[in-house]
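Shown next, in structure tokens, is the structure this report addresses.
The values are calculated or read from the model by the stated rules, or taken from the named source; none is laboratory data. Just so you know, these numbers come straight off a predicted model, no measurement behind them. Note that each Cβ is placed from the backbone with ideal geometry, even for glycine, and that neighbours are counted across all protein chains shown.
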């Protein structure tokens, strides 16, 4: 069975279904933001919502911040 792929919400390129963004876009996000998005806790869904909202508003990737 081939690997399933999904679309990156930032660049419309391919990403893995379990990832928020493609690797190229992920690396453009500030390190503190990446660390926060990788945490699995009660606030994880809120951080993901923050990311999606900023992507929708076309915030530059290097300026994206989420609530820790």
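Answer with yes or no whether residue 55 is surrounded by 14 or more Cβ atoms within 10 Å (Cβ to Cβ) and modelled with pLDDT of 95 or more.
When the stated conditions are applied, residue 55 passes them.
Show me the helices (runs of 4 or more DSSP H) entirely contained within the chain in which 1 or more residues are in contact with a strand residue (DSSP E or B) (Cβ under 8 Å, 6 or more places away or on another chain).
By residue number, 23-28.
What is the number of the single condition among (1) over 12 Å from the mean Cα position of the chain (by Cα); (2) within 16 Å of residue 64 (Cα to Cα) that residue 43 does not meet?
Result: residue 43 fails condition (2) only.
Select from the stretch 22-36 the residues that are free of Cβ contacts under 8 Å to residues at least 24 places away in the same chain and surrounded by 15 or more Cβ atoms within 10 Å (Cβ to Cβ) and list them in ascending order.
22, 26, 34
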